[in-house]
1. Check whether at least one residue in region 94-111 is under 22 Å from Asn32 (Cα atoms) and outside any helix (DSSP H, G or I), and report yes or no.
2. Could you say which residue among Thr76, Thr42 is more than 19 Å from Pro171 (Cα to Cα) and of a type in the set (Ser, Thr, Tyr)?
3. Ser122: among the small types (Gly, Ala, Ser) and either farther than 30 Å from Arg106 by Cβ or modelled with pLDDT under 85 (or both), yes or no?
4. Testing Asp429 on (1) in contact (Cβ under 8 Å) with a residue 60 or more places away in the chain; (2) open to solvent by less than 10 Å² (accessible area, probe 1.4 Å), one condition comes back false. Which one is that?
5. Inside region 358-383, can you point out the residues that are touching a helix residue (DSSP H, G or I) at 6+ places or on another chain (Cβ under 7 Å) and either in a loop (DSSP other than H, G, I, E, B) or surrounded by 20 or more Cβ atoms within 10 Å (Cβ to Cβ) (or both)?
6. Of all residues being open to solvent by 10 Å² or more (accessible area, probe 1.4 Å) and either among the hydrophobic types (A, V, I, L, M, F, W, C) or within 23 Å of Asn575 (Cβ to Cβ) (or both) in region 475-489, which is modelled with the lowest pLDDT? Just the residue, please.
7. Can you tell me how many residues in region 500-539 are open to solvent by less than 50 Å² (accessible area, probe 1.4 Å), closer than 22 Å to Thr557 by Cα and not in a strand (DSSP E or B)?
8. Residues to consider are Tyr215, Tyr191; find the one that is closer than 30 Å to Lys333 by Cα and in contact (Cβ under 8 Å) with a residue 24 or more places away in the chain.
Amino acid sequence: MGGVLGAAMLLGFASCSDDHYDIKTGGAASANNTIWQNIQATPQLDSLGMILNRVRVYTKEEDTKRTMTYAELLNTPQSFTFWAPLNGTYNAKHYLDQLDQVETLRNEGKTDAADLLEYNVSLQFAQNHLARTNFESLKDDQDVRLFNGKLVTYNAASGTFNGVKLDANTPNIPSSNGVLHILDGISPFAYNIYDYMGANSSNGAPETERMDSVYGKLTDPSINKRYFDEGSSTPGAIVDGNMVYIDSVYSYTNEYLNQSSAQPKNEDSVYIAVIPTDAAWKVASPKLEKLYQYGQTYKYGYKGGNNAATAFPTTKKYTKDEADSLCTYNAQKALITSMYFSPSIFPPRFQKEDGKIDRSKMDEIIQYALTADSLISTNGKVFYNPNKGGRNPLFGNVEPVKASNGVIFPVSTYDLDPSYSFVDNKTFDITYGGNIGDAFSGGTSNTGTTVYLNDDNTDPEMKDELDKLENKAYRYFESDRASALDVYIPLTGVFSTKYKISVQILPNRINTEKKIYDTSGEEDVEIMPQTQFYAQVYGDDGKRIGKASSYFDVSDTEIKTYTLFDSVDFTKCYNSLPSDVTKCYPLLRISISNRGVNYRKYNQALSITKIIVTPVHE
């Protein structure tokens with residue numbers, strides 16, 4: 001990433017000279033001492049000692065009842081490794097001032113604010129230099145799991161920890177409960193993706209850097225719900241008829257994170273996250289809201305029939321405010337749940353032998369993501385690159401920011417046309433009965449018949465055409481000799497946008513059993529059906545959307561895809577409707593009229609494989 005690590009907050013704070021405080025030391029450092037005693041015995045670590053002596057050991061924000069400090073923890077017989085920054089190589093005053101503020105807040109009765117501030121010092125400073133196990137003293141790159149869950153690299157051979165050099169004079173101090181390493185600087189703290197959003201919210205930064213819009217939605221109590229986990233909590237005594245728990249455990253569930261299928265808080269995960277800043281949100285949100293323009297009336301509960309106006313028997317009405325609210329909710333959800341991309345589905349060259357992502361190849365991973373023809377987000381949304389071979393506009397013009405579990409693109413603009421991402425390419429397989437609404441001819445209702453082609457029933461001259469079919473099957477719809485044929489196909493999940501609609505149709509005679517012959521002469525002579533069809537689209541209200549298509553002649557010799565409509569403008573959204581509005585969608589009607597020249601003489605039929613619906617790019 002060329003050393004680009006984003007905001008200074010990701011890297012700790014700049015060093016300052018001789019910014020430390022005197023405390024009493026306990027004699028010379030010794031292998032018989034604990035790590036804490038050796039910190040006390042090293043004058044160049046007295047600033048560190050003052051910090052560790054005042055910070056409680058938080059493992060999560062809820063651990064407010066803990067009383068043990070890091071000084072006390074490092075004085076226990078447990079096994080630890082601690083990388084200690086020397087005085088003058090970091091801004092110790094910053095942390096000590098924060099601890100002074102913790103005391104002030106607590107004295108003012110603002111315990112929640114005090115606990116949060118202390119937790120952040122614990123997480124970002126104390127735990128960012130501490131691990132629970134010992135590490136080899138001569139080995140090259142070793143993955144170190146820090147106390148805060150961050151994964152960093154320690155290279156004992158080259159004398160570096162998390163990119164910081166060990167002190168040349170006294171790199172290591174063996175201790176009775178582990179090893180104390182001396183650093184020429186602070187271990188840089190990298191937020192995970194989720195915490196980065198929080199750190200860049202409500203901090204007074206310009207809107208091109210703030211993430212209040214996204215983080216505010218993610219942490220909304222209606223989305224991010226906290227509940228008491230009774231089974232994991234430790235019960236105590238009954239007081240006034242109520243259980244008082246010694247250790248209360250709380251869990252969280254987040255609707256947006258659940259639907260994203262990503263874990264941006266997980267330190268073991270690796271993601272590329274494209275997060276809109278407040279400035280980008282102002283552009284992206286209206287773009288997506290155009291896709292979710294809901295009507296105030298929907299007819300639903302499709303029951304079939306040969307009349308689109310009566311096919312939906314039940315009506316649901318919304319006020320304008322309700323329709324607008326549904327629009328805003330679904331547009332925001334679509335944006336927030338589609339921000340994450342996992343390199344685990346990128347080419348295998350980015351993975352180690354054990355299947356895990358090779359973090360040393362992040363530069364290559366980023367470059368691949370920037371220029372790939374398409375990317376699939378963790379919730380399955382496909383983002384196509386309209387700039388083939390170049391940088392996908394999804395990533396804006398910003399450089400990536402390092403996070404502890406991947407990288408972040410904090411985009412300040414949103415140049416991507418949503419039709420390249422949020423509007424799906426849809427293919428309705430007509431061999432599947434669930435994709436058929438109804439078919440009518442002469443008052444008879446049916447859903448057609450699925451026909452499978454093989455060597456025995458396929459016309460020898462058209463066997464090469466079978467390569468165009470994924471499953472060597474189609475659905476056969478037949479009329480009687482006097483009536484029109486109408487096939488109704490639900491177009492489920494369409495947005496309020498423009499779509500191109502196509503259909504793939506086979507010659508009926510590709511199946512030898514469907515050929516028509518004139519048997520009046522001495523020899524049977526095959527008759528070409530000369531089938532013609534046209535199409536129309538209807539809304540749930542039974543009104544036609546746009547104009548009817550022109551007539552198409554079905555080829556008698558090849559499987560063809562016919563473009564029915566170059567652009568159908570759906571002004572009402574049918575995607576993400578409330579769960580009680582079921583079987584609600586526009587209907588595509590493909591018809592053979594009863595006016596064809598050969599209609600009354602020969603049976604007319606359609607052999608359909610699929611309907612293709614693709615967004616029209618603006």
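1. Among the residues of region 94-111, not one is under 22 Å from Asn32 (Cα atoms) and outside any helix (DSSP H, G or I), which makes the answer no.
2. Answer to the check: Thr76.
3. no
4. It is condition (2) that Asp429 fails.
5. Listed by number, the residues that qualify are Asp358, Ile365, Leu375, Thr378, Asn379, Phe383.
6. In this case the residue turns out to be Ala482.
7. Within region 500-539, residues that are open to solvent by less than 50 Å² (accessible area, probe 1.4 Å), closer than 22 Å to Thr557 by Cα and not in a strand (DSSP E or B) number 7.
8. Of Tyr215, Tyr191, the one residue that is closer than 30 Å to Lys333 by Cα and in contact (Cβ under 8 Å) with a residue 24 or more places away in the chain is Tyr191.
The values are calculated or read from the model by the stated rules, or taken from the named source; none is laboratory data. Please read these numbers as outputs of a predicted model, since none were measured by experiment. For neighbour counting, all protein chains shown are included, and Cβ atoms are generated from backbone atoms with ideal geometry for every residue, glycine included. For accessibility, only protein heavy atoms count, side chains too; no ligands or nucleic acids. Shrake-Rupley method; radii C 1.70, N 1.55, O 1.52, S 1.80 Å.
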